[in-house]
Structures are given as C-alpha cells and as structure tokens.
1. Within the set of other residues whose C-beta is less than 13 Å from the C-beta of Pro92, count the net charge using Lys and Arg as +1 and Asp and Glu as -1.
2. Run the numbers for Tyr18 and Ile88: contour at 0.36 nm per residue of separation, minus the present Cα-Cα distance, in nm.
3. What FRET efficiency comes out for the pair Leu122/Val96, r = Cβ-Cβ distance, R0 = 41 Å, nearest 0.05?
4. Using a 1.4 Å probe, what is the accessible area per residue for segment 94-133, in Å²?
5. Going highest first, how would you order 86-98, 22-34 by mean Cβ packing within 10 Å?
Amino acid sequence: MADVAGPTVLASDYFQSYSVVGLLAVVGVLFVAVAFGAGRLLRPVVPTPEKLLTYECGVDPVGEGWAHTQVRYYVYAFLYVIFAVDSIFLFPWATVFAAPGYGATTLVEMFVFLGFLAVGLLYAWKKGVLEWA
C-alpha cells in the first residue's frame, strides 16, 4: 500500500507547482484586462477633426505618404546592438574568468567571440558602411 501512495503524492506535488504557475498567469491576465478596461471607461472620448488627422513627430502631414529612408541608419543601429551585446557579454565573462579552473577556457571563448565581432566590423568597414557621406 505504501508504494501506491508514494507516486500519487509525488504526482499531486508535481501538478500543484503547475497550478501555482497557472494561477499566477490568470492573475496577470486579469490585472492587464482590468487596467485596460478601466482606462477605456475613464478616458474622455471627444473626437474632433484635428484629432482624427494623421500625426507624425509634430509635423503636419503634407505631401505624399511615402518617404525614403536610408538603409545606413539601420546599419548603424544594428552595429550599436552588436556592440551593446558585446559589452553585456563581457561582465559575466569577467566573473567566470576569475573563478578557479575556468581561466583558459573562457579566455579562448572570449577571443573567438571578439574574433566574430572583428570580422563583422571589418566587413562593414570594407563595404563603406561606416563612412558618413
């Protein structure tokens, strides 16, 4: 009899942890729904012709709706993200590098990582992306 009760107790503990996660998810969804509902009920709704106009960065919508954007700006943003990730990766690396037994392995991993970044930066420089015209 004791063997039969053992797995049942473990299964109930197992599903109890999922019920806590499910309850937390339901409370989170309800919190967001109540917040959005309260915002909808409490905000003033007074549509005017000025409010229904298209608005973009404080500039009145004049001319055609299609504007050309240079791809260079996206490349600069992408390069910024790459180097931001690099700097974020350096902090945990420094803490692991100081731990005993991980020095040589983490040093090699960091040089491989920096090598990939250097190749990407050299490629961008070779293609002329980093030159502001």
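The values are calculated or read from the model by the stated rules, or taken from the named source; none is laboratory data. Please read all numbers here as calculations on a predicted model, not as lab measurements. Glycine also receives a Cβ, built like all others from the backbone with ideal geometry; neighbour counts cover every protein chain displayed. These area figures cover heavy atoms from the full protein model, side chains too; ligands, DNA and RNA do not enter into them. Shrake-Rupley method; radii C 1.70, N 1.55, O 1.52, S 1.80 Å.
1. Result for the neighbourhood of Pro92: -2.
2. 21.9 nm
3. Working: r = 28 Å, r/R0 = 0.67.
With R0 = 41 Å, the Cβ-Cβ based efficiency is 0.90.
4. Per residue, segment 94-133 has an accessible area of 80 Å².
5. On the way: 86-98: 11.8, 22-34: 10.1.
Going by the mean number of other Cβ atoms within 10 Å, highest first, we get 86-98, 22-34.
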